[in-house]
Each structure stands twice: as structure tokens, then as C-alpha cells.
1. Looking at this structure, is Val7 of a type in the set (A, V, I, L, M), in the same structural domain as Ala447 (by TED's automatic domain parsing) and not in a loop (DSSP other than H, G, I, E, B)?
2. Considering only residues of the range 246-260 that are surrounded by fewer than 17 Cβ atoms within 10 Å (Cβ to Cβ) and over 23 Å from Ala392 (Cβ atoms), which is farthest from ligand 1 (Cβ to nearest atom)?
3. Taking helices (runs of 4 or more DSSP H) that do not extend beyond the range 31-144, which have at least 3 residues that are farther than 21 Å from Ser384 by Cα and touching a residue at least 60 places away in the same chain (Cβ under 8 Å)?
4. Any residue in the range 230-244 that is more than 16 Å from ligand 3 (Cβ to nearest atom), modelled with pLDDT of 95 or more and farther than 23 Å from Leu69 by Cβ?
5. Anything in the range 34-68 that is among the β-branched types (Val, Ile, Thr), farther than 29 Å from Val393 by Cα and either in contact with a Gly (Cβ under 9 Å, 6 or more places away or on another chain) or not assigned by TED's automatic domain parsing to the domain that holds Ile358 (or both)? List them, or say none.
6. For the range 368-391: of the residues being crowded, with 24+ Cβ neighbours inside 10 Å and of a type outside the set (S, T, N, Q), which is nearest to the chain's Cα centre (by Cα)?
7. Could you give every pair whose Cβ atoms fall below 9 Å, whose first residue belongs to the range 347-369 and is of a type in the set (Asp, Glu), and whose second residue is assigned to a loop (DSSP other than H, G, I, E, B), counting only separations of at least 6 or pairs across chains?
8. Those residues that are under 21 Å from Pro168 (Cα atoms) and at pLDDT below 95, I need them from the range 64-94; list them, please.
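The values are calculated or read from the model by the stated rules, or taken from the named source; none is laboratory data. Fair warning: this is a prediction, and the values are worked out from it, not measured in the lab. Because the Cβ atoms are built from the backbone with ideal geometry, glycine has one as well, and the counts that use them run over all protein chains shown.
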Amino acid sequence: MQFYGAVPSHDLTYSDVFLVPSQSGIRSRLDVSLAPGDGTGATIPVVSANMNSVTGPRLAAALARRGGLGVLPQDMHLQELDAAIRWVKAQSTRFDTPFVFGPADTVALALRQVPPVAGQGLVINDEHGSYLGCIDAARLATALSDARLGDLLHGRLTSLDADDIEGPRRAFDLMTAAELDFAPVLHHGAIVGTLSRKSALRSTLYQPALDAQGRLSVAAAIGINGDVAAKARALASAGVDVLVLDTAHGHQEGMLRALKIVADLDLGIPIVAGNVVTADAVADLVGAGATIVKVGVGPGAMCTTRMMTAVGRPQFSAVLETAAAARELGAHVWADGGVRYPRDVALALAAGAASVMIGSWFAGTIEAPGTLATDAAGALYKESWGMASTKAVRERFDRLDPYELARKTLFAEGISSSKIYLDPLRPSLEDLLDMITSGVRSSFTYAGATSVAEFHTRSLVGIQSAAGYEEGKALPVSW
Ligand SMILES: NC(=O)C1=CN([C@@H]2O[C@H](COP(=O)(O)OP(=O)(O)OC[C@H]3O[C@@H](n4cnc5c(N)ncnc54)[C@H](OP(=O)(O)O)[C@@H]3O)[C@@H](O)[C@H]2O)C=CC1
Ligand SMILES: Nc1nc2c(ncn2[C@@H]2O[C@H](COP(=O)(O)O)[C@@H](O)[C@H]2O)c(=O)[nH]1
Ligand SMILES: [K+]
């Protein structure tokens, strides 16, 4: 990456900078590879944050199916993590994971999971797990909230037979011919997944992130305290593909100790450690065994660290410096936090990140762990909170005695409650991935780059005023 004009003497964040187009020989945005090349097997440079409100098994599976990587949070109990990893591994790599309900469940219950939008639907199984039928989610909009789902099953929705679908293009064509937005996929009468026309289309554009056995990939985080070796071994035996060691201040001896212990286990999987913002920290973490360094102190949407402590660093400069240091050492950087638009992902990659970690933005999606709520104006949202918030600290340390717990909660560095609204046009994670990857593919072609590595070297970055940033926004209402 090069600066367009003078190299700045102060630190910058994403809004401070822009990408300058340069001469390009690339004929199509589809001629671009977004694979991060960081040893994780991901095919798009998107990682979901290890936050309780962001990454659960469903979001991790949906993200891996499109080539990204979900990081399950360290606050899940080990048994729960084990079950979540195995669940992700059991999901289809070709078809969407169904939302399954029983015939006695009500419409109100279903609407807490699935909004009444095109392309979504419910699978109804009996108490033995046998398939009874399917309901297009749009149907929920006009049904009474106390109606039983079983009573909405008359007139079975057309299903697809897995044997008839030799490829995603075929699935798309079959659904278009049958005028279906959503369909269950059956194999010998058993449900193996669902498809929307959009998801069939996506399968022609994305490549899933897979492990050596062809199953969806998934990452998990652990903290730096307790028996880190036992936790790391347990996650590896459950099949985790990437291990993340995560603490607020990643450049501390406790982290280096924990990292060495995990690296010495030789688990044969990439080890990510963070969070840090300097080249010195990268050298120490890579020296202790990290192959990927997680970068970002204070940019997160739920994060109050900068206001509480003044500590952190504007994220674009933090990524630029640490990615250069990591590259020298044969390691990689994930840019973690502060991403609100596809442009931020493009800028993090331009600064040298292999992948970009997104939290709060993904908390407002159908696949995120929380239940859907509706505000007074009828807009759908999910709750989110910081992992260092009073709420998270209370839940994390719920087994401590009240005195110790009270001491811990004094040091909160995150907000405990926020509403993250679902984008009515993009309510699912996959809709956001479409938006991010199409934006970033286009960024690559403006820079004349066909790969993440080429984008690192070819990007030309300018510095803009607040007015320059404002000018870039669209104007939905006249001025
Ligand atoms: N990226 C960011 O800007 C930040 C992210 N977070 C996220 O919040 C979550 C919780 O993090 P964390 O607070 O580390 O988890 P914990 O509360 O589990 O703390 C882990 C350990 O680190 C110690 N610790 C915490 N902060 C510091 C510090 N500034 N200097 C030295 N030691 C420290 C704690 O000790 P003690 O409590 O006794 O001090 C504890 O022993 C993580 O997911 C983390 O990534 C949190 C803050 C900033
Ligand atoms: N200082 C804090 N940082 C937090 C907290 N919870 C999460 N995080 C960090 O934010 C990113 C995600 O950023 P986002 O802008 O995409 O939401 C996450 O990966 C953590 O590094 C917190 O309570 N305090
Ligand atoms: K912040």
C-alpha cells in the first residue's frame, strides 16, 4: 500500500482515508479471489467476532458455508463449545440449516427466530424428528400469533429432491421454474436442508470454508487464565479448525505464557492471539507461537476502552503497522472492530489485513444468537453487548462470590445493552456478506488487484477531511 501524496504524521482510522483508483486490466469483478491466504482455509476475508451476541453455531455454519470463519466466544462453557463445534461440523455444506419447529409451536414463537421475509422458511418435524412439512416465512405475516404451526401446513410446499440437484445452478433453475422463493430439500423423505433461490445463486459464487474432511470450518476462543492447555486440547478434539487466544490487553506476559503453552501442544491448527496495536506486540506474539495476530484496541461498537482509559489506536494505522510487522515474520493480521460499511473491510485489507473481524454489525442478523424483538415503530432488532461490559463480566464470573464479582464489575470497558436493528433489505448474515464481498470485489478491481496479496501491494490510499467523507454518503432524501 502507498499513500497518495504525503505520508501522514498522525494516526488514521477508516473514515480518514479513501482508496484512489488506478489503472486496471481486470475485466470483471468476478475475476477476483477474496481468499485471505492466512492458513485458515477461509475463502472470504470475513471473520465473526467471539462475542456472545454475535457468534453462535448457526451464524458460524452460515458464515463457513460462504467461506468465512465464525469464532465461538470463550464465555461459552466448554461442554457447550464442544457441542457447538460438533453441530457446525454436522451441517450441510450445500444446503441452508433449517429452522425446525414442532406442529404445536405457535406463530409467535417462530417469529422470535424467523422474520416474515422472502427466502426464509420453517421446517416442521414431529416429536420423533420426522419431516411433516414446511412453511414459507412470508406466510407468518398474516397468521394469528397464537396459531399453531401444524395448522398452517395444509397444501404442502413443493420440495426439492437432493438427488435431482447436481449443482447450485440446477437448484436455482428448478426453483425459478417452480416459482419458489424457498424450498425444503429432502433425501429419501428426510429433510437435509432448505434452499432459497438466493442461496442457490450464492452457492455458484462462494466456496465454503472446509476442513480436511470436507466439513464446515469453525474457530473458537479461549481466555488466558485457567488451564489453557486443557481447554485448547478439548476444543481441538471436538474438531476446532482455528484457536483464538483473546484478552483485552494482548501484549502482556499472561498472554505470552498462555500462548507458549498452547503453541507447545502442536495441535496443527492456526493460533490467533490478541488484541494488540503495535509492531512490538506482533513480534512478541509471533515469537510466542501466534500465526495470526488480532489487531484493534478500542474501535469496537460496544467498546468503551478509549473513553475509559484513553488507550487504543486509530484502527487503520494500527492495522497498517502491525500487518507490515507480521508480514516480515511470515505471520498475518486480522483487523478486529469498528467495521460498519463494506468500505471499512476494503480499507483494512488495503492496510494489509488478511481478514476482518466483524461483531456488532452481524449481531443484527437472523443467524445471530439472540431472539428477535420489535420496537414501537415495528422495526426488528436484536440485543447486543460488549464482552467487557458489566453484563458480560457478571455472566462470565457468575460462580465467584459476591465480593469478588463486585470487584470484577468495577472494571467494565463495554456497554451492556444496545439495539442492533436488522436491515430490512438485508436481514440475514448472508445478505450482509453479499454486500461486503461485492463491495470489496469492486474495490479490488479499482486497484487492479485480483487477490488479497495484490490488493495489499497495489492499494493507493488518500487522506480526506470530514467533508470528504460526508460527500461519499448517499442521500436518500433531497437536501
Ligand atoms: N479489542 C478491544 O478493544 C477490547 C476487547 N475486549 C474484549 O472483552 C472480552 C473480555 O476481555 P478481558 O477483560 O481481557 O477478559 P477477562 O475479564 O476474562 O480478563 C482476563 C484477564 O486479563 C486481565 N486483564 C484485563 N484487562 C487487563 C489489562 N488492561 N491489563 C492487564 N490485565 C488485564 C484480567 O485481570 P483483572 O480483572 O484482575 O484485571 C484477567 O486476569 C474479550 O473478548 C476482549 O477481547 C475488552 C477490552 C478491549
Ligand atoms: N473494549 C471492548 N471491546 C469489545 C467489547 N466487546 C467486544 N469488543 C471488541 O469489539 C470487537 C468487535 O467490534 P465491532 O465494532 O464489530 O462490534 C470484538 O471482536 C472485540 O475485540 C467490550 O465490551 N469492550
Ligand atoms: K468504540
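1. No; evaluated as a whole, the condition is false for this residue.
2. Lys260
3. On the way: elements: 57-65, 78-90, 107-111.
In the range 31-144, the matching helices (runs of 4 or more DSSP H) lie at 78-90.
4. Yes, there is a match, as at least one residue in the range 230-244 is more than 16 Å from ligand 3 (Cβ to nearest atom), modelled with pLDDT of 95 or more and farther than 23 Å from Leu69 by Cβ.
5. Initial filter on the range 34-68 (among the β-branched types (Val, Ile, Thr)): 40, 43-44, 46-47, 54-55.
Okay, now just the ones that are also farther than 29 Å from Val393 by Cα, so 40, 43-44.
The answer is Thr43, Ile44.
6. Only one residue tops the list, namely Ala368.
7. Here the result reads Glu367/Gly56; Glu367/Thr97; Glu367/Ser428, each pair linking the range 347-369 to a residue that is assigned to a loop (DSSP other than H, G, I, E, B).
8. Passing the criteria: only Arg94.
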